[in-house]
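Trainee: What follows is a single structure, and I will ask about it in a moment.
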Number of protein chains: 2
Amino acid sequence: MSTDQKTSYLDVKNVIRRRIHDTVWEPGSLMPGEVELSQEFGCARATVNRALRELAQDGMIERKRKAGTRIKSAPTRHAKFVIPRIREEIERMGFDYRYALIERKEKTIPDWLCARIGGKAGEDVLHLRCMHYAGSRAFQYEDRWINLVSAPKARAQTFQDINPNEWLIREVPFSDGEVILSTVNADQIMSEMLNVSLGAALFTLERITWLKDMPMTFAKLYFHAGYQMTTRL
Amino acid sequence: MSTDQKTSYLDVKNVIRRRIHDTVWEPGSLMPGEVELSQEFGCARATVNRALRELAQDGMIERKRKAGTRIKSAPTRHAKFVIPRIREEIERMGFDYRYALIERKEKTIPDWLCARIGGKAGEDVLHLRCMHYAGSRAFQYEDRWINLVSAPKARAQTFQDINPNEWLIREVPFSDGEVILSTVNADQIMSEMLNVSLGAALFTLERITWLKDMPMTFAKLYFHAGYQMTTRL
DNA sequence: ATATTTATTATGTCTATACATATTAAGGGA
DNA sequence: TCCCTTAATATGTATAGACATAATAAATAT
């Protein structure tokens, strides 16, 4: 049996996506179940299951065992951004990657960081400030805190010759993370580090990682002026 | 047979993810195929297939028919951001959504836009500038262009009472899109519209949509001061 | 009438088998 | 030796059937 006779999961997915878009089913309402749809499309329930699973992943419907499949009232569009390693991003642009450690200090966790990442008072953390260059051009300023309780191996690392992210990726897995994209006006430090005028708008990426509910790292990255984060929908 | 005896696709996925992280297989190299892995894990090839498909989607491996499955040299982490409708985002924060059309003009496509979105010289476009409020507080300034060749129904729409995005979602599907996140220093117009000081750092979201290779809309959104776009990893 | 227990059900997933197909390797001819 | 054709192969996907399970509805007990 050739493809043009069999209904593929992509066919099912596209037809259902179209019906949702045309509000064939009211937002918020239940739509037909897998068995009914497999009869309609003349295909296996597993084929319908795959189509619906992907639509759920795309944010258009929500599914519950026994409860059925419901059209989302406010279907959401997702944009997936690649978060490349800084070295790859710079090299892909055709520049040499260069790294410089500005400061390395072991401290007791400050209260603001405790509150921010849900750490425990009194814990030791490693504070690193470093710069990443594209050739001779300042690309990114990094302000990072590593929890020495969840990542004790970091204590023995100078981070003189390896950037923290590359070390962490190799040495310490994480289970959860949070990313916050935003912007700030450059202050004196950022102005000097990134070679921009005071007050220049800087794109920022804040990131917390956890390992099994234990906060592990907190990093705030400040990108060079004019930085753009791009993705296809 | 109970779950603790059967190998699930999630078990397979996690074990393989761990092996990739521990560089059991060298980055860039071929890893064992589905048949071999199904024998190792004592499960169906379809179970391994699903695990590997998801790892490919997560950016850790790449797969080709006949060529096999290869560990990515530079595995990439993805952050998936929800792009909510502005009304939903504002209402979810507990505010009333308010919309105001600032300007509506039909024009011939400017050269810079032609170049930016790959349009054709001489085509008609609709230029809209509008504001979105959270209660009485300025939330977002929107500068949008709609191609009247690919979205002719927009010509008949005043956009006095409906925000362009809500209208477009309902009336015009799109097939492709591009999103660019960045930042700018507020100029005179943005300063007035968003009620921020001149030069304040503003988070921006630029978005182009296409319908079958035909550029349809171009929008640039300027968010209020302090805006943050958040996601979980 | 309410709470608890039991039954039902719609989705989640596993399996074996089969067919499809993009890609690579091997074989044959010029 | 090079080019074209054919074969092989590893992944992509469809199917039928089975089992698992979260969630809801119905039945039963108090």
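Trainee: Return the subset of A:K66/A:K120; A:K220/B:K220; A:K13/B:K153; A:K105/A:K212 for which the Cα-Cα distance in this structure is over 32 Å, preserving the input order.
Mentor: Values: A:K66/A:K120 42 Å; A:K220/B:K220 25 Å; A:K13/B:K153 27 Å; A:K105/A:K212 26 Å.
Over 32 Å Cα-Cα: A:K66/A:K120.
Trainee: Also, quick follow-up: For the range A:78-118, just the Cα set please: Rg and Dmax, both in angstrom.
Mentor: 16.5, 41
Trainee: Using the charge dipole of the protein assembly as shown (Lys, Arg: +1 at Cβ; Asp, Glu: -1 at Cβ; taken about the Cα centre), state which of A:M93, A:S191, B:S175 has its Cα farthest towards the positive end.
Mentor: Ranked along the dipole, the leading option is B:S175.
Trainee: Tabulate in residue order the Karplus-calculated ³J(HN,Hα) for the range B:206-220, using 6.51 cos²θ - 1.76 cosθ + 1.60 with θ = phi - 60°, rounded to whole Hz; enter x for Gly and Pro.
Mentor: 9, 8, 10, 10, 10, 10, 6, 6, 9, x, 10, 9, 9, 9, 10
Trainee: Could you work out the Kirkwood radius for the range A:9-71, taking every pair of different alpha carbons, averaging 1/r and inverting it, reported in Å? Write down the numbers at each step before the final one.
Mentor: Numbers: mean 1/r = 0.0874 Å⁻¹.
Value: 11.4 Å, from the Cα pair sum.
Trainee: A further question on this structure: Taking every residue in A:166-179, how many Cβ atoms of other protein chains lie within 10 Å of its Cβ, on average? Intermediate results must be reported in sequence, preceding the final value.
Mentor: Values: counts 0, 0, 0, 3, 3, 0, 0, 4, 1, 1, 2, 5, 5, 9.
Mean partner-chain Cβ count within 10 Å for A:166-179: 2.
Trainee: Would you mind telling me which residue in B:C130, B:C43, B:C114 has the biggest mean-square fluctuation in a Gaussian network model of chain B, where springs connect alpha carbons within a distance under 10 angstrom?
Mentor: Looking only at B:C130, B:C43, B:C114, the largest GNM fluctuation is found for B:C43.
Trainee: When you look at the Cβ of every residue in B:200-209, what mean number of other chain Cβ atoms sits within 10 Å?
Mentor: 4
Trainee: Sorted from largest down, what three extents in whole angstroms do the Cα atoms of chain B have along their principal axes?
Mentor: Principal-axis extents of the Cα atoms in chain B, largest first: 65, 40, 35 Å.
Trainee: Something else now. Roughly how many debye, to the nearest 20, is the charge dipole of the range B:91-233 about its Cα centre, given +1 on each Lys and Arg Cβ, -1 on each Asp and Glu Cβ, and no other charges? Mind showing how you got there, number by number?
Mentor: Values: 17 positive and 18 negative charges, 31 e Å.
Value, rounded to 20: 160 debye.
Trainee: About the Cα centre of the range A:9-71, how large is the charge dipole given +1 on each Lys and Arg Cβ and -1 on each Asp and Glu Cβ? Please answer in debye to the nearest 20.
Mentor: Values: 12 positive and 9 negative charges, 56 e Å.
The dipole of the range A:9-71 has a size of about 280 debye.
Trainee: Within 10 Å of each Cβ in peptide A:82-90, how many partner chain Cβ atoms are there on average? Round it to a whole number, please. Each step should come with its number before you reach the end.
Mentor: Details: counts 5, 6, 5, 4, 0, 1, 4, 1, 0.
If you average over the peptide's residues, the count of other-chain Cβ atoms is 3.
Trainee: Using a Gaussian network model on chain B with a 10 Å cutoff between Cα atoms, which of B:I189, B:I16, B:I180 fluctuates the most?
Mentor: B:I16
Trainee: Enter the accessible area of B:H78 (Å², nearest 10), with the probe set to 1.4 Å and all protein chains included.
Mentor: 50 Å²
Trainee: Let me ask something else. Could you let me know the centre-to-centre spacing of the range A:1-55 and the range A:68-124, using Cα atoms, in angstrom?
Mentor: Cα centres, the range A:1-55 to the range A:68-124: 37 Å.
Trainee: When chain A is treated as a GNM, springs tying every alpha-carbon pair under 10 Å, which of A:N185, A:N49, A:N163 comes out with the largest mean-square fluctuation?
Mentor: Evaluated over chain A, the most mobile residue of the options is A:N49.
Trainee: So, one more: Roughly what % of Cα-Cα distances in the range B:28-159 sit above 26 Å, to the whole percent?
Mentor: Working: 4949 of 8646 pairs.
Roughly 57 percent, rounded to a whole number.
Trainee: Of the options B:I61, B:G118, B:Q228, report the single residue whose Cα projects farthest towards the positive end of the charge dipole of the protein assembly as shown (beta-carbon charges: Lys, Arg +1; Asp, Glu -1).
Mentor: Towards the positive end, the residue furthest out is B:I61.
Trainee: Hey, for A:R170 with labels 7 Å out along Cα-Cβ, what do the inter-copy distances come to in nm, ordered shortest first?
Mentor: Going from nearest to farthest copy, the values are 5.7 nm.
Trainee: Additional query: How large is the accessible surface of B:S136 in square angstrom, using a 1.4 angstrom probe and rounding to the nearest 10?
Mentor: 100 Å²
Trainee: Would you kindly give the portion of the calculated P(r) for the protein assembly as shown that falls above 40 Å, as a percent of all Cα pairs?
Mentor: On the way: 32916 of 108345 pairs.
Here the tail beyond 40 Å accounts for 30 percent of pairs.
Trainee: Also: Roughly what would the spin-label model give for B:T158 and A:R116, points 7 Å off Cα along C-beta, in nm?
Mentor: Distance between label points: 4.9 nm.
Trainee: Remind me, what semi-axes does the range B:86-223 give for its equivalent ellipsoid, largest first in whole Å, using sqrt of 5 times each Cα gyration tensor eigenvalue?
Mentor: 25, 17, 14
Trainee: Which aspartates and glutamates, if any, have their Cα less than 19 Å from the Cα of A:K72, not counting same-chain residues under 8 positions apart?
Mentor: Once the sequence-local aspartates and glutamates are set aside, what remains near A:K72 is A:D22, A:E26, A:E34, A:E54, A:D58, A:E62, B:E88, B:E89, B:E91, B:E166, B:E171.
Trainee: List, shortest first and in nm to one decimal, how far the label point of A:G28 (7 Å from Cα along Cα→Cβ) is from its counterparts in the other copies.
Mentor: 5.6
Trainee: Starting from a label point 7 Å past Cα on the Cβ side, list the distances from B:D96 to the same position in the other copies, nm, shortest first.
Mentor: The answer, with the shortest distance listed first, is 6.1 nm.
The values are calculated or read from the model by the stated rules, or taken from the named source; none is laboratory data. Quantities reported herein were computed from a predicted structural model and do not represent experimental measurements. Virtual Cβ from ideal backbone geometry, glycine too; neighbours counted across all protein chains shown. Accessible surface is based on the protein model in full, side chains and every heavy atom, while ligands, DNA and RNA are left aside. Shrake-Rupley method; radii C 1.70, N 1.55, O 1.52, S 1.80 Å.
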